[in-house]
Every structure is written in C-alpha cells, then in structure tokens.
Amino acid sequence: MSFVTLRKSTRVPDIAKELNLKSQDIWLPLDVCQAKRATKPFVIKDNCALVLVNRETKECCFNRREILETIGKAGESPRSLSLTPGDIPEQYALFVQWRYAGGRNVDEGVTIFHKVMNAAEAFQKGSAFPFADTSSEDPQSWANQGKQIQSDLAKEREKRRRCEEDFQERASQYPSLQTDSFLHTMLGQTKEHITQRRRCPPLVYLSTKGASSVEVVGGGVRWGRPNPSLIYRVFRAEESHNKAYTTDFKDASQQVVFLFVNSICDFRRTDAPLDEMVCETLSNKVLDYTKRGFRVVLLDHLPTLHYSSPDGIHQTLSPIVEFCREYCSKKGFPITVLLSVVSNTIALQSRSASSLALPQSGILNYFISQLNASLAPDPALSFAVVNEEGNQSPFTVELYNSFLRRCSIRKVARSEFVK
C-alpha cells in the first residue's frame, strides 16, 4: 500500500491502468468522492472499505467502528454510513475504496491511497460489510457497542501511556542514551523498521500454522519453537548438514559456559562475516571446558527476528549456524542455542507494558526446566562470556550485565577468557 499524488487531472480507471491496478484498488479521499456541488452527506456503501489515516504519523485504521469512535461518532451504525468532509478532524484523512459505477474525475495534486484488499479481508478487518437488510437493527444496540469501543480504546490509551512512562524511566537509567550516537541511530532504525513491518505476520506465523519448528530459509536448519517467544536447537558433535532434525537430547550439567551472540559476531551487521581468528580461539578455549564436563550454551535476545522477513531471519541466524557447525560440531562438542525472539513492541500486549527489557530469568528458566534436566547452573562454576571490546554499545553491554545480575551468572570478558 502507498500514497500517490496525481500529476494531472484524470479519471479513476485511467489511474488504475497507469498503476497496473483494478479500480477497486484505488481509495479516494472523502472530499473527492462527494460531488463538488453536493448538499447532502456522501453515502458510503457497506461493501466499500474505509481507512482513516493520521496525516502526521501515517498510521492507518481500517475498522469502521474504531474510525467512528475516533471522529466522534461512536454511537452511529457502521452500516449505511453517510459522512461529509467536515465530519473528519483536520489531523486525519478518510479514504474510501472506490466500488462505485462510473469513473470519478480526480484533480491534479490530489493524493490517493492504493491498496489491494478483497472483500473477505475487508470484512475480516471490519472495514466493510456484506450487503444485508438492516431495517431490523436496534439503534440502541449500536449505541451500546459504541460505548464499549470507547471503553476499550480508553484502556488501550492508558496502557500506551504506561508503556511510554516505563520506556522513559528505563532509558533514564542508561547515561549512554545521551552520548551514544550509535544507539540513537539504532533506535531510529528500529522505530522505522517497526513502523514499516508492525502489521506484518510475526515469526510465529512464518511457518505452517501449528508447526513446532521454523525453517531457516537457505540455512538448511530447523529450529524448535516451543512457544512464540523462543526458538532453540542443539547442534551435535560431528553433525551432518543433511541429518534430520531432532529435539531428543541427553545433555545436562550444572557447569555451564554461556555465550552471547556478540561474543562471536557483530549481529548489528547482517553482512559482516565471522572473524575466523576470534571464532577459532574462542571455540578452542570452550573445547577445553567441555572436556572438563561443562555444557556450552549460546543464549541471547534477538527481538528483530519477531517481525523479520524470511530473508532477514536467514541473514541473522546464518552466522550463528556457521559458528556452531564449523567451530563447534566439527571439533567434537555440542552446543545448545536458545534465542528469545519476542518483540519489545508487544510489551503493549502484556499487563506490565514494560519495554527495553531483556527476557531476564525467563529464558534461563526455560533452559533449566526443558533443556538441562531441571539442573540449575552452579553459580560457583558457571559463567558467561561477554564481548565488551571495540564498538560495542555501552547501552547493550549494560543490558547484558543487568540480565546476568538477575540470573546470578558470573561475567567474564571475552578478552580475559581467551587468554
């Protein structure tokens, strides 16, 4: 979907032809839909989808009942709708899917909206309704529904306010927010990414519905997905690229070496190759610990996977797969990879409305209960390797430190570990 500003006056069929779309894929502003000399409100057919666009943020709302609540007409029926351009607040623009006979002429300079939306999708979104006899509808029932919508939206606004307060409070705890230019860039890119993809299917829907694993496109690796927020895999010693995926394992130990993704690669750059010297040195050191009975676990929080495309998932996970296969399995020791993939943005769906928070002890608790025979790591022997060198963001490092403190895991700098 996108917005297009016309460079010349033209008719709807001609616009559709130029954009290689159908006429019903063109959405016109309400003031264009209404005849120039009309004295009555424009009647919007039930099967015509609507979208209310915030002019500043470009956020789109397709649900008719939510649209009516936003423009102050929550008590009206979403069917047999009649509106005038004056009914729409200045900060919004209402577009109507063009499903009318004849080709409306659209003036030069008018911005139209184009999006492919079939009838089934429009009905599912509550943006349109099948034609039906509405003569028996009770106006009071619509008024009651309007009140319920107002109440629900008020609760949502309150949750968003709490989430914003939580974000500001957490952000104030990290001085690097004021000085770390990379962090500002990262947050800006993350915000843009979320804005573009927030309505895209999250990771849980990228594979067959009900499936228990996610296929990494091009990597040839299947990841166990016990719930929407976690993926994991145990890479075996001398693992074959063609070996069938299995979740069966017998590994368990109270002596654990934890690694984070930033200790093996720069996960902020998907195109950055693994540093062979770093991986070779790190894996050799880890091998020494496995010979003494330690279990190796690579665990991290990668929220970018939640709303990533299949290609994005492949690019993010490929360096991890390469490290585990080339530097661990081939050296004869297994490594367990456990990743939290829940998006920070879905904090709005939780009661706490927390943000900028690692999954804290939850991911470790899952490892203990499901992947380590209920054996908790021994704090006196187990430790985590953290990379604090180079261009690592102080903000990111502090998040790792916070995570380790909450989980009572000792931290060892990578530079000290490989000595």
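The values are calculated or read from the model by the stated rules, or taken from the named source; none is laboratory data. Just so we're clear, the structure is a prediction, and the values are computed from it rather than from any experiment. All Cβ positions, even for glycine, are placed from backbone atoms using ideal geometry, and neighbour counts span all protein chains on display.
Numbers at a glance
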quantity	calculated
Residue within the stretch 38-55 that is within 20 Å of Gly109 (Cβ to Cβ) and either in contact with a Phe, Trp or Tyr (Cβ under 8 Å, 6 or more places away or on another chain) or at pLDDT 85 or above (or both) present	yes
Residue in the stretch 388-402 that is modelled with the highest pLDDT, counting only those that are hydroxyl-bearing (Ser, Thr, Tyr) and within 20 Å of Ser415 (Cβ to Cβ)	Tyr400
Residue satisfying all of: in the stretch 257-282; among the β-branched types (Val, Ile, Thr) and assigned to a helix (DSSP H, G or I); modelled with the highest pLDDT among these	Thr281
Matching residues in the stretch 44-58 - criterion: being under 11 Å from Leu94 (Cβ atoms) and of a type in the set (Val, Ile, Thr)	Ile44, Val51, Val53
Residues satisfying the stated conditions in the stretch 100-129, i.e. of a type outside the set (Gly, Ala, Ser) and assigned to a loop (DSSP other than H, G, I, E, B)	Tyr100, Arg104, Asp107, Glu108, Val110, Lys115, Val116, Met117, Asn118, Phe129
